[in-house]
Amino acid sequence: MANPMITTSVGERVATLRLDRPEALNALCDRLVSELDAALDVLEHDPAVAAVVLTGGPDAFAAGADLKEMVGKTLSDVVSEDFSGCSRRLASFELPVVAAVAGYALGGGCELVEMCDIVIAADTARFGHPEVTVGTLSGAGGTQRLPRAIGKHKAMDLLLTGRLMDAREAERAGLVSRVVPEDELLDTARSVARTVASRSRPVLKLLKQAALRSQSMPLDDGLVFERRLFQLSFGLHDRWEGMEAFVEKRRPIFLDR
């Protein structure tokens with residue numbers, strides 16, 4: 001496709017997806033979301049990929065949904081399209097995703113962050129849900145994932161006022177894993193992703209399943225689910241190899257099976 005809005009590169013079992021619509025601060029138009037979803041579909045089934053880095057540009061990770069595209073939509077339009085203003089495919093992606101965030105991550109951009117598994121933020125990053133300031137609310141999980149990530153009262157402070165928080169506040173609140181200088185952002189995110197990707201691919205999938213279920217299951221049910229996945233790992237070659245390598249004091253050689 002000429003002038004793609006998503007660029008992809010793969011190396012060392014890590015795929016880097018870049019939102020690439022800088023003239024609009026990576027606003028999430030229908031085409032960008034469609035390209036992102038298609039890229040995720042491909043990467044999920046690529047045996048050469050075990051982790052993904054999702055990033056944007058220096059000024060914006062993604063500054064929210066494209067209001068110029070949205071303003072003319074009617075109630076009938078959004079219901080018939082099941083429109084959410086953001087990707088939902090990212091939330092169901094089976095492999096670990098590391099967000100590398102600089103600049104603005106607002107509205108749908110913040111929802112993308114909330115769908116990721118590890119969040120590395122540049123010290124320039126700013127997060128928020130300003131949808132209330134334009135007469136609407138989140139449509140792809142902002143009112144659901146944000147309170148789970150940072151607690152009800154902090155989330156309501158952001159959702160009801162539309163204010164933004166900087167990277168340090170986001171780290172203290174629990175939305176961000178680490179804050180680094182902007183010039184170290186991508187190197188740090190890729191380093192984290194390479195560490196993740198050095199593990200067994202099927203075990204990474206099991207771990208992500210178990211951790212995400214903690215957000216939607218009562219504790220007792222989650223413990224049963226976790227125990228079943230733990231037991232399932234005993235059918236993997238990589239579980240045997242990992243334990244054998246530990247006993248033999250050597251590095252494991254995982255075969256992703």
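The values are calculated or read from the model by the stated rules, or taken from the named source; none is laboratory data. Quick caveat, the model's predicted, so the values are computed rather than measured. For neighbour counting, all protein chains shown are included, and Cβ atoms are generated from backbone atoms with ideal geometry for every residue, glycine included.
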Which of (1) over 14 Å from VAL113 (Cβ atoms); (2) among the aliphatic types (A, V, I, L, M); (3) in contact with a strand residue (DSSP E or B) (Cβ under 8 Å, 6 or more places away or on another chain) is the odd one out, the single condition VAL179 does not satisfy?
-> (1)
Residues that are in a loop (DSSP other than H, G, I, E, B), on the phi < 0 side of the Ramachandran plot and of a type outside the set (Asp, Glu), drawn from the range 81-116 | PHE83, SER84, CYS86, SER87, ARG88, PHE93, LEU95, PRO96, ALA102, CYS116
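Out of the residues in the range 53-110 meeting the condition of being among the aromatic types (Phe, Trp, Tyr) and over 11 Å from the mean Cα position of the chain (by Cα), tell me which one is surrounded by the most Cβ atoms within 10 Å (Cβ to Cβ). Explain how you work it out, then say what you get.
Residues of the range 53-110 among the aromatic types (Phe, Trp, Tyr): 61, 83, 93, 104.
Narrowing further to those that are over 11 Å from the mean Cα position of the chain (by Cα): 61, 83, 104.
Working: PHE61: 29, PHE83: 15, TYR104: 25.
Filtering the range 53-110 for residues that are among the aromatic types (Phe, Trp, Tyr) and over 11 Å from the mean Cα position of the chain (by Cα), the one surrounded by the most Cβ atoms within 10 Å (Cβ to Cβ) comes out as PHE61.
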Taking only pairs six or more apart or across chains, which ones have beta-carbon atoms under 9 Å, a first residue in the range 150-177 that is at positive phi, and a second residue that is exposed (fewer than 13 other Cβ atoms within 10 Å of the Cβ) and assigned to a helix (DSSP H, G or I)?
-> GLY162/THR133
Cβ-Cβ below 7 Å, separation at least six or inter-chain, first residue in the range 92-111 and under 22 Å from LYS205 (Cβ atoms) and among the small types (Gly, Ala, Ser), second assigned to a loop (DSSP other than H, G, I, E, B) and at pLDDT 95 or above: which pairs?
-> ALA99/CYS116
